[in-house]
Amino acid sequence: MPEPLSCAGSINSRGLRFSRAMVFAIEQINNSTELLPGIKLGYEIYDSCSSVSVAGDWTRCLNTGDKCSQSGMVMGVVGASGSTRSISMSHIIGPFNIPQVSYFATCACLSDKQQYPSFFRTIPSDQFQADALAKLVKHFGWTWIGAVRADSDYGNNGMASFLHAASKEGICVEYSESFYRTHPRSRIERVADVIRRSTAKVVVAFISTADMRILLEELSRKPSPPRQWIGSEAWVTDPDMLRFSFCAGAIGFGIEKSVIPGLRDFLLDLSPSKVADSPLLTMFWEEAFNCRLPVKDQTPDFD
C-alpha cells in the first residue's frame with residue numbers, strides 16, 4: 001500500500017500571503033453593513049502542498065463532509081493556485097455544480113465551459129500572456145530562442161500557445177524541452193545540459209515557481225554561458241528567484257498590482273498568541289524567525 005500523503009519541505013510564503021489576503025477580505029465583508037447585509041461568510045483553509053493527489057483528497061472531503069468539513073455544506077471553493085490542481089478539483093466538484101474560483105490557475109484550457117462549467121477565475125487566461133510574450137521577444141529582435149516548460153497542464157498548454165504565436169512572429173525555436181519536479185534528476189540534468197550547449201542565447205520558460213527553482217538549482221551546479229531569460233508570470237515575479245544571480249535581467253509580464261487599504265496592517269498584526277492558533281502560521285513564524293513557539297500565550301523561546 002502507498003504511504004499516506006503528507007506535506008514536506010519549507011512553507012511557501014507567497015501562498016501564505018494569498019491566503020491571508022483572502023482572510024482579510026472575508027473579515028472586511030463580515031464587518032460591513034453594506035456589502036452582504038445579514039450574511040456571514042465562513043471558511044476553512046487547506047494546504048494542497050502543490051500536490052494534485054493532496055488537492056484531490058481535500059476536495060473529496062469537502063464534497064462529502066466526511067472528517068474534513070464540519071458542516072458538509074460547502075457553497076464554493078477558492079483555489080487551487082495551480083492549473084493542474086484546479087483541473088483535478090473541477091472534475092470532482094463540477095458534477096455537483098459547486099462553484100470554484102481560482103486566483104492563480106491560468107491554463108487557457110480552463111476557459112472551456114463544456115469541460116469546466118462551474119470554474120471561474122480572477123486572473124487572465126494564459127492565451128493573453130502567450131501572445132504578449134511572443135510580441136515581447138519579437139520586439140527585441142530575438143528570432144532564435146530556446147523553450148523550456150513544466151510538463152504539466154500549465155506548462156504544456158502555455159508553451160503550445162506561445163510557440164503558435166511565436167511562429168506567426170517569425171521566431172525560430174532551437175529546442176523545446178519539458179520536465180516536472182517529480183522527474184528523476186537525470187531528466188532535469190539533461191534539460192540543463194541542452195540549455196548549456198545550445199546556440200540560442202534567449203530562453204523562454206513557461207514554468208511554475210517550484211519547477212523553475214529546481215531547474216535553476218541544477219544550472220547553478222555548473223557554469224553556463226549567459227542567457228537572457230523570458231519568464232511566465234508564475235516565476236518571473238517571484239522574489240525568491242532573485243537569489244540566482246545568473247538569472248538577473250529576466251523579463252516577463254506581471255499582474256497589475258493594487259493598493260488595498262488596511263491589508264498591510266492586517267498582515268503585520270501577528271502576535272505570538274494569534275500565531276499559535278494556526279499550525280500554518282506557527283510553521284511560518286518558526287521558519288522565518290528561527291525560533292520555537294511554545295504553548296499559546298507564552299513568550300516565544302528564541303534559540
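Listed by position, the helices (runs of 4 or more DSSP H) enclosed by the range 181-283 that each have at least 2 residues that are at pLDDT below 95 and buried (at least 17 other Cβ atoms within 10 Å of the Cβ) are 209-219, 233-236, 272-276.
In the range 139-153, of all residues being farther than 21 Å from residue 219 by Cβ and not small (Gly, Ala, Ser), the one that is surrounded by the fewest Cβ atoms within 10 Å (Cβ to Cβ) corresponds to 139.
Of everything in the range 141-194, what is aromatic (Phe, Trp, Tyr), under 18 Å from residue 83 (Cβ atoms) and touching a residue at least 40 places away in the same chain (Cβ under 8 Å)? Give them in sequence order. Once the filter is applied, which keeps residues that are aromatic (Phe, Trp, Tyr), under 18 Å from residue 83 (Cβ atoms) and touching a residue at least 40 places away in the same chain (Cβ under 8 Å), the range 141-194 yields 154, 162.
Within the bounds of the range 224-236, is there any residue that is closer than 22 Å to residue 84 by Cβ and out of contact with any Ser or Thr (no Cβ under 9 Å at 6 or more places or on another chain)? Yes; the residues of the range 224-236 include at least one that is closer than 22 Å to residue 84 by Cβ and out of contact with any Ser or Thr (no Cβ under 9 Å at 6 or more places or on another chain). Taking the condition surrounded by 12 or more Cβ atoms within 10 Å (Cβ to Cβ), of a type outside the set (A, V, I, L, M), assigned to a loop (DSSP other than H, G, I, E, B) and modelled with pLDDT under 85, does residue 296 pass? Considered against the rule, which asks whether it is surrounded by 12 or more Cβ atoms within 10 Å (Cβ to Cβ), of a type outside the set (A, V, I, L, M), assigned to a loop (DSSP other than H, G, I, E, B) and modelled with pLDDT under 85, residue 296 comes out as yes. Would you be able to say whether some residue in the range 56-73 is modelled with pLDDT of 90 or more and not small (Gly, Ala, Ser)? For the range 56-73, residues modelled with pLDDT of 90 or more and not small (Gly, Ala, Ser): absent.
For the range 248-267, the set of residues classified as of a type outside the set (Phe, Trp, Tyr) and touching a residue at least 40 places away in the same chain (Cβ under 8 Å) consists of 251, 252, 255, 260, 262, 263, 267, listed by residue number. Please find, within the range 23-51, the residue that is modelled with the highest pLDDT out of those that are β-branched (Val, Ile, Thr) and part of a loop (DSSP other than H, G, I, E, B). Per the stated criteria, the residue is 33. Say whether the condition of being closer than 23 Å to residue 153 by Cα and surrounded by 12 or more Cβ atoms within 10 Å (Cβ to Cβ) is met by at least one residue in the range 26-46. Looking through the range 26-46, at least one residue is closer than 23 Å to residue 153 by Cα and surrounded by 12 or more Cβ atoms within 10 Å (Cβ to Cβ). Take residue 136 and tell me if it is more than 26 Å from residue 78 (Cβ to Cβ), surrounded by 15 or more Cβ atoms within 10 Å (Cβ to Cβ) and out of contact with any helix residue (DSSP H, G or I) (no Cβ under 9 Å at 6 or more places or on another chain). It is true that residue 136 is more than 26 Å from residue 78 (Cβ to Cβ), surrounded by 15 or more Cβ atoms within 10 Å (Cβ to Cβ) and out of contact with any helix residue (DSSP H, G or I) (no Cβ under 9 Å at 6 or more places or on another chain).
Would you confirm whether or not the range 121-140 contains a residue that is among the acidic types (Asp, Glu), touching a Ser or Thr at 6+ places or on another chain (Cβ under 6 Å) and free of Cβ contacts under 8 Å to residues at least 60 places away in the same chain? Checking the range 121-140: not a single residue is among the acidic types (Asp, Glu), touching a Ser or Thr at 6+ places or on another chain (Cβ under 6 Å) and free of Cβ contacts under 8 Å to residues at least 60 places away in the same chain.
The values are calculated or read from the model by the stated rules, or taken from the named source; none is laboratory data. Note that the coordinates shown come from a computational prediction; the quantities given were computed from them, not determined experimentally. So basically every Cβ, Gly included, is an ideal-geometry build from the backbone, and we count neighbours across all protein chains shown.
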